[in-house]
Amino acid sequence: MRVALLALRLMCLAWLWPVTQLNSSHFPNKRRHKEQYVGENTKQKHGGRVDLKMKKLDSTKSMLIKSEQLLRIEDHDFAMRPGFGGSAIPVGIDVQVESIDSISEVNMDFTMTLYLRHYWQDDRLAFPSSSNKSRTFDARLVKKIWVPDVFFVHSKRSFIHDTTMENIMLRVFPDGNILYSVRITVTALCSMDFSSFPLDTQNCSLELESYAYNENDLMLYWKNGNDSLRTDEIVLSQFFVEDFQPSFGLAFYSSTGWYNRLYINFILRRHIFFFMLQTYFPTMLMVMLSWVSFWIDRRAVPARVSLGITTVLTMSTIITGVSASMPQVSYVKAVDIYLWASFLFVFLSVIEYAAVNYFTTVEEMKKLKRAKIPSSYNATQAMAFDGCFHDNEIDLTSFPEVSSTPNTERNTQARNSTVSAPTEGTRLRRKHPLKQNLSFIMSNSYMIDSYSRVIFPLAYLLFNIIYWSLYA
């Protein structure tokens, strides 16, 4: 019985096998269609969040289209300015300066970050509104309408901030008035005058002008007069901002005509304390250090020479450092006058010791020669001795015999005075008092140091009084 049932099942399976193969060959996409159908039903039943997100995306697109339809952007040609063919369109400007980022003396420029706002009216963008409220848009709509082509004259680099989106705002009012605001960082040229550097005051300006539209098509003006320029509290490292002031004028180009130009003028006064610490105080100390040489014994040659060379090299280093941080201008700056005058004082202190050393050597050699002069000699011998010409008619008294071992210093000075009188001659004393004084200084070289201790500080003090009274 069981064997019969098993045989019957096998016969049924053998009969149904061809039918199954036929159905699978005729309907290969049935399973795929079923999966698609099931997937769509699943989204409808369980995908409420996905449908909401898709609905939001679609609504955003529809809102943008509705805004464009409300402003009738597709109905007008915004390549032309408002009121094309008529009078010039007035465009008001106001500026809020956020910061002055840097001021470069070497490049003669400054970098400023500001909010630039434009005000004008375009009847083509007027829209009906029951609440009389404005509509605000970002940079995506700005590219589809007309905006003023204001640029910065004499700018080197400029860019619109774009983090996290472009910092552009467009606000449209129902009557067609428009506010267009943009945040810009601009680097512009500033022609600086360094004749009084670092005690100088610089006057820089940022200039705004339309690039394509002259005064017949576009009229730039300050929206609120002098109140159109506002600034936050600006703190600079080397400058103090004394004044911000707007102004306006006209610029002429031979090819295109007259253009309205707006100016942002600001006055910068340099802080002097930095340069006092870095330049003036070290220079003063080097000059005063060079005066120490006057109190060192004139016979201490290594000490005085090394001190003089050290101060000269230090002054050269200060001058080189200041020149490297400044533009290569063709005129003399105030700091150059001070540095080179101080360098001259240091250099003269070295020359002073050279003169002292030379006169001391000459004096000692003369003393050495006088000890070997015979009791009587003629004019030719006298000329060979002191290097001066003597008239033959002048009666030159003979020198007393010089003792090789003088008893006291007073007798030595008396003999030196006796020797010096006939060697210069009567005519030389009468006609050349300067040479007589020079001879006296040469014979007393130690007095040069004594005079220098007073003359050098007084001269440098007088120079500082004149310098600071002229430039401070």
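The values are calculated or read from the model by the stated rules, or taken from the named source; none is laboratory data. For clarity, every value in this text was computed on a predicted model and none was experimentally measured. Glycine also receives a Cβ, built like all others from the backbone with ideal geometry; neighbour counts cover every protein chain displayed. Note: accessible area is taken over every heavy atom of the protein model, side chains too, but ligands, DNA and RNA are not part of it. Shrake-Rupley method; radii C 1.70, N 1.55, O 1.52, S 1.80 Å.
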Q: Can you run down the residue pairs with Cβ atoms below 8 Å, 6 or more apart or on separate chains, where the first is in region 80-92 and over 27 Å from S247 (Cβ atoms) and open to solvent by 50 Å² or more (accessible area, probe 1.4 Å) and the partner is in a loop (DSSP other than H, G, I, E, B) and at pLDDT 85 or above?
A: M80/W146
(Q) If the requirement is being in contact with a helix residue (DSSP H, G or I) (Cβ under 8 Å, 6 or more places away or on another chain) and in a strand (DSSP E or B), which of these qualifies: P246, P198? (A) P246
Q. Quick one: how many residues across region 107-138 are touching a strand residue (DSSP E or B) at 6+ places or on another chain (Cβ under 7 Å) and either open to solvent by less than 10 Å² (accessible area, probe 1.4 Å) or touching a residue at least 40 places away in the same chain (Cβ under 8 Å) (or both)?
A. 19
Q.
Just checking, does region 252-264 include any residue being modelled with pLDDT under 95, under 29 Å from S469 (Cα atoms) and either under 31 Å from the mean Cα position of the chain (by Cα) or in a helix (DSSP H, G or I) (or both)?
A. no
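Conditions tested, residue by residue: (1) hydroxyl-bearing (S, T, Y); (2) open to solvent by less than 60 Å² (accessible area, probe 1.4 Å); (3) under 14 Å from the mean Cα position of the chain (by Cα).
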position	(1), (2), (3)
R183	no, yes, no
A188	no, yes, yes
D200	no, yes, yes
A212	no, no, no
S228	yes, yes, no
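Among what's in region 321-353 and is part of a helix (DSSP H, G or I) and of a type in the set (S, T, Y), pick the residue that is nearest to Y471 (Cα to Cα).
Here the residue is Y338.
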**Q.** region 139-171 - residue that is in contact with a Phe, Trp or Tyr (Cβ under 7 Å, 6 or more places away or on another chain) and part of a strand (DSSP E or B) and, of those, least open to solvent (accessible area, probe 1.4 Å)
**A.** L170
